[in-house]
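Below: the structure, in structure tokens.
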Amino acid sequence: METKYIFVTGGVVSSLGKGIISSSLACLLKARGYRVTIQKFDPYINIDPGTLNPYEHGECYVTVDGHEADLDLGQRHGDYLGRTVQIVPHITDEIKRCVKALGHTGEYDYIITEIGGVVGDIESLPFLEAVRQLRWELGQDSHCIHLTYLPYIAAAKELKTKPTQHSVKQLQELGIQPDVLVLRTEHTVTEEVRRKIALFCNVAPDAVIQSQDVPSIYEVPLTMHAQHLDEIVLRKTGITPEGEPHMAPWMNFVEKMRGASEVVTIGLVGKYVELQDAYKSINEALFHAATYADHKLEIKYIHSEKLDESNAGALLGDLDGVIIAPGFGQRGIEGKFVALKWAREHDIPTFGICLGMQCMVIEFARDVLGLADANST
């Protein structure tokens, strides 16, 4: 089959969960036997994502081929031979090339592309223009899902649809008509509200889907399937849905998550603990490990700048294990040494990642081997 391209955009406010909706759809399509991958385009033009401040962007991910990923669109090779580099067509063509690069491998049936940020952000415009062009070029082999926020006004006791209408209007003004609307909400969306949104946003009523709060993000694929998101996408891209997705392994994980009763407490020692997304992959790795071991995970975040010998026992004493987190620079490093010494002397299972592992070696060299000048060099 020809590779299908699904674009996921967001409106009204950020942090609604475009990535979760993208991943949930990917989960369902993979469970139906399709080859699926995801890519994300954040509307920032950074040459070196590896040095981005975690408070700005959360964690920097490293891909299989070693690429440090937030967004890398730097051009240093003279590719344009001195000509004026323009947003249209040069940057939009480059975005289109990147969107389609995975499709050219022949390895995927569906490629889900999340466009970061919110419709209306000026920095998103080149990316959305690229999506507009691709939708025109790809025809039925493309699909657009737009995620918006449906606020609840407590005084009026009603959900308000106007922000969603304005968001879709902005997307339409850019030449993109969404095929599916996913409504992020804390309250159940009534059929009357769905019909109203469908009417004013030019979307079929059955393609207006709610993404209501659930106890865990791992339950979102189940709620999306219950509203037939995977079937809608298949039909819109010319595929007739057959049978049900094979969700048994996923359901097994969810049931383990719901049924776990014994708690394991892990302390995460780092200097960015105010922003939990700075350690997102560590948090999720711990959560998955705990769940498959039939435990509930409790993470205790410990700021390494506020940790010293006087309070180490109070902060670390009730832990089942300690993670010493990554992070560059001198700030907070002495607290990591304190945590490591206390954990080693009290026989607490400890794991160091990146700089955290360097600190483990340094602490051991200083305090056990007597190499007082031991350092990362």
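The values are calculated or read from the model by the stated rules, or taken from the named source; none is laboratory data. The structure displayed is predicted, hence computed values, not measured ones. Because the Cβ atoms are built from the backbone with ideal geometry, glycine has one as well, and the counts that use them run over all protein chains shown. With ligands, DNA and RNA removed, areas are computed over all heavy atoms of the protein, side chains included. Shrake-Rupley method; radii C 1.70, N 1.55, O 1.52, S 1.80 Å.
Note that the chain presents 51 Å² accessible area per residue, ligands and nucleic acids not counted, probe 1.4 Å.
Residue pairs exceeding 18 angstrom between C-alpha atoms, taken from Lys30/Lys296; Lys18/Lys162; Lys18/Lys40; Lys169/Lys236; Lys4/Lys30; Lys271/Lys306: Lys30/Lys296; Lys18/Lys162; Lys169/Lys236.
For Tyr301, nonlocal amide neighbours, meaning residues 5 or more places apart or on other chains whose placed amide H falls under 5 Å from its own, are Leu268. Less than 5 angstrom separates the built amide H of Lys271 from those of Ser304, all sequence-distant by 5 or more or on a different chain. Considering only Gly116, Gly11, Gly327, the mean-square fluctuation computed in a Gaussian network model of the chain, springs between alpha carbons under 10 angstrom, is largest for Gly327.
Taken one residue at a time, the phi angles of the range 209-220 give Karplus couplings (6.51, -1.76, 1.60, θ = phi - 60°) of 10, 9, 10, 7, 3, 10, x, 9, 4, 6, 8, 4 Hz. Gly and Pro are set to x. Projected over all directions and averaged, the alpha-carbon convex hull of the chain occupies 23.4 nm². When a 1.4 Å probe is rolled over the protein heavy atoms, the share of accessible surface on the chain that falls to carbon and sulfur comes to 53 percent. Using a 10 angstrom cutoff on alpha carbons, build the Gaussian network for the chain and name the most mobile of Ile21, Ile112, Ile153. Per the Cα network of the chain with a 10 Å cutoff, Ile153 tops the list. Highest mobility in the GNM of the chain, judged by mean-square fluctuation with C-alpha springs under 10 Å and restricted to Gly259, Gly175, Gly19, is found for Gly259.
Net length available on complete extension from Gln86 to Arg331 is 84.1 nm, with 0.36 nm assigned per residue and the Cα-Cα distance removed.
Dipole magnitude for the chain: about 1000 debye, using +1 per Lys or Arg Cβ and -1 per Asp or Glu Cβ, origin at the Cα centre. The mean sequence separation of alpha-carbon pairs under 8 Å and at least six residues apart, normalised by the residue count of the chain, gives a relative contact order of 16 percent. Using C-alpha pairs below 8 Å separated by at least 6 residues, the relative contact order for the range 179-235 is 37 percent.
Taking Lys and Arg as +1 and Asp and Glu as -1, the other residues whose beta-carbon sits under 9 Å from that of Val263 total -2. Restricting the range 268-346 to GluC sites (Glu not before Pro) that sit in a DSSP loop and have at most 14 other Cβ atoms within 10 Å of their own Cβ leaves Glu274, Glu309. Sort the range 256-346 into rounded, prolate or oblate with this rule: let a ≥ b ≥ c be the square roots of the eigenvalues of the Cα gyration tensor; rounded if a/c is under 1.5, and if a/c is not under 1.5, prolate when a/b is larger than b/c, oblate otherwise. It is oblate, given that a/c is not under 1.5 and a/b is not larger than b/c. Residues whose amide H falls under 5 Å from that of Ser211, counting only those 5 or more places apart or on a different chain, are Leu183, Arg184, Thr185, with hydrogens built in the peptide plane. Only Cα pairs under 8 Å and 6+ residues apart enter the sum, and on that basis the relative contact order of the range 167-307 stands at 18 percent.
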